[in-house]
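I have placed the structure first, in the form of structure tokens, so that the comments after it can refer back to it.
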DNA sequence: CCACTACCTGTAGCGTTTCTACGCATAGCC
DNA sequence: GGCTATGCGTAGAAACGCTACAGGTAGTGG
């Protein structure tokens, strides 16, 4: 599946992946891949700027740590992030419903 | 609903609107608005370039005519357009299903 | 007659977002 | 020594919908 379609929906997906608990960037990529059954296999050039954007806007926070000799930046969803995620879920349901209606039922 | 989310899905929606029969640009806007219950109210600056793109790639054809003294360009979906629309429908179902899975079921 | 609205098409330039293609580094295995 | 997995990151390009603008006809209300 072309990931170009993600446009505008990626932030919500990242927040959803971070919702159950903190993860570092590399882990986010893996979890997104596994949760989507391989469909969303995002390159690091997409994921890291996106995480930086979310951090800049206060939807997640990041902290450096060292794990097995490798430095990691672990991201945690904030209260604002959870609120935003909730609204994005509602938006998504609405959007998907309308697309379904327009796309699936020619009249 | 922010129409920014349309990114990557607009072509399919336009083809779906043209599927039952030919329409001119202005009519496409109206039909898309009515079929989406007002959610997709696209500005002409979005719709006309998109129609030109679809025509350029051979998914629709356009013909000039005059109606009540006003010139119109009427668009008709081509066989290639129908084929493309079918594949887009499949793609959309897959995409929406994956987003649902990632977004709605935190694990 | 004039203003306003609906109808109808179109272009120019902007901003956002994801992508590709790199670069850099450590750990572990063969 | 070379390869893979882990791990973070930037630069530049490409795509696409948006805003703002431009231009025109037909009909209606004052």
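Picking from B:73, B:89, which residue would you name as being over 18 Å from residue A:91 (Cα atoms) and more than 15 Å from the chain's Cα centre (by Cα)? Step through it out loud before you land on a result.
Working: B:89 fails: more than 15 Å from the chain's Cα centre (by Cα).
Residue meeting the stated conditions: B:73.
Only one residue in A:23, A:15, A:32 is more than 8 Å from every other protein chain (Cβ to nearest Cβ) and under 11 Å from the mean Cα position of the chain (by Cα). Which one?
On the way: A:23 fails: under 11 Å from the mean Cα position of the chain (by Cα); A:32 fails: more than 8 Å from every other protein chain (Cβ to nearest Cβ).
Answer to the selection: A:15.
Output the residues belonging to the range B:1-39 that are near DNA strand D (Cβ under 8 Å from one of its atoms) and touching a residue at least 12 places away in the same chain (Cβ under 8 Å).
Of everything in the range B:1-39, those that are near DNA strand D (Cβ under 8 Å from one of its atoms) and touching a residue at least 12 places away in the same chain (Cβ under 8 Å) turn out to be B:3, B:6, B:9, B:10, B:11.
Read-outs: derived from the displayed coordinates by stated rules, not from any lab. Fair warning: this is a prediction, and the values are worked out from it, not measured in the lab. Neighbour counts run over all protein chains shown; Cβ positions are idealised from the backbone, glycine included.
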